[in-house]
């Protein structure tokens, strides 16, 4: 079987889709996807290729945008983008089997081309063009693609070589490891190398991928452990990942996070912790799981740091009151009296909820009645929406729960 991997990315996805919907040319239109109802500090989610050609980054704050006449601000529509992404994948599955597609993000996916080359009697490049044309004809979107013999090189080809000019395809072979991969600098431009690892490698005198590739593998393992070996392999174009081997994490968890749009006091933020805990408990029960470990992280305003702590519970549970109260205790114990701008909570050590551990400190009849009531409320929320049943505290000015339930990923549906 021929090895041929492509990673396909929807070019300037959100902004491009907004232009398609408006029958505008994304290559001549100054459009940004950014909520115009929020302040100047709100994040720009996407900009058109036209604005990128003027040096405007894909991600920035609204106040960082240049003053351009006729600038269009498109309200983010996350539910629409999710549906459009699903539509694109459905187009690809008309050509490629689901087992040979790996969805990387809402606008990017990997495709194993090898098994289909004989069927279509074409080269990997021609098959990528076939996929690109099918997406463009049915959605109006333009895609870019990296192509190689493994997932790593395909991704690096996409990020560093494919997005410059039509037909937006970069095909890297083994010779491109030395000719192109090794010339990548700074190191954080290489897929899989974070800015933190870049700083650590720079401190060792390693500034480009070529230098990393020529560094002794055992030295990197000594400095960074298993990650050091992986860094060396990737720098030499080595990646044995198989798209068909779907990753299943051993230790699953549930998380929810929220960035607040103003500074919250310790008192007001406590309500947000309760609201987020209730939502996460609903997700926990929907997945028929218990949790026995909880954690919370509080992000303070103006880069004043983060407080992060977790604790194990005496027994696994999905009870909203118990988990909410335990999270609030954790919050009260460790929160610092500073303005708060973000909250993140996590439920870990998940287990199946088919067996419930009895408590010596509660009446079983009362517990059963409480679980029955919770079940009814859960059914109502799933059927009519999460805002159908809310506590009176949701009417307080500091509450965010009603607005958050009408969003996807913190943005308008």
Over all directions, average the projected area of the Cα convex hull of region 145-251 and note it in nm².
7.8
Distance from region 1-65 to region 126-142 (C-alpha centre basis), Å
19
In a Gaussian network model of the chain with springs linking alpha carbons closer than 10 Å, the residue among 388, 103, 131 that fluctuates most is 388
Ranked list, fewest to most other Cβ atoms within 10 Å of each Cβ, for 78, 190
78, 190
Semi-axes of region 130-188's equivalent ellipsoid from the Cα gyration tensor, sqrt of 5 times each eigenvalue, largest first, rounded to whole Å?
25, 12, 9
Mean shadow area of the chain over all directions, Cα convex hull, nm²:
24.6
Sum of -39500 (n - 2.57) over DSSP H runs of 4+, divided by residues of the chain (222 nm, nearest 500):
-11500 deg cm²/dmol
In degrees, nearest 10, the alpha-carbon axis of helix 364-384 is tilted away from the dominant principal axis of the alpha carbons of the chain by 40
Which of 352, 107, 263 fluctuates most in a GNM of the chain (C-alpha springs under 10 Å)? That residue is 352
Restricting everything to alpha-carbon atoms, can you work out Rg to Rh for region 61-138 with a Kirkwood hydrodynamic radius?
1.14
Relative contact order [Cα under 8 Å, 6+ residues apart], region 178-235, whole percent
33
How long is region 8-83 along each principal axis, judged by its Cα atoms, biggest number first, in Å?
29, 25, 23
Considering region 201-316, what Rg and Dmax in Å follow from its alpha-carbon atoms?
21.2, 54
Given the C-alpha centroids of region 214-241 and region 100-125, what is the distance between them in whole angstrom?
27
Show log10 I(q)/I(0) for region 178-235 at q = 0.23, 0.26, 0.30 Å⁻¹, two decimals, from a solvent-free Debye sum over equal Cα scatterers.
-0.84, -1.10, -1.47
C-alpha long axis of helix 151-161 to longest principal axis of the chain, angle in °
70
Using only Cα atoms, tell me the angle between helix 13-22 and the longest principal axis of the chain; keep it within 0 to 90° and round to the nearest 10.
90
Evaluated over region 12-165, the Cα radius of gyration and Dmax, each in Å
16.9, 54
Among the Cα-Cα pairs of region 79-179, the proportion with separation greater than 17 Å, in percent, is 52
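Laboratory data are not the source of any read-out in this text; all were calculated from the coordinates shown. None of these values were measured; they are calculated from a predicted model. Backbone-built Cβ (ideal geometry, glycine too); neighbour counts: all protein chains shown.
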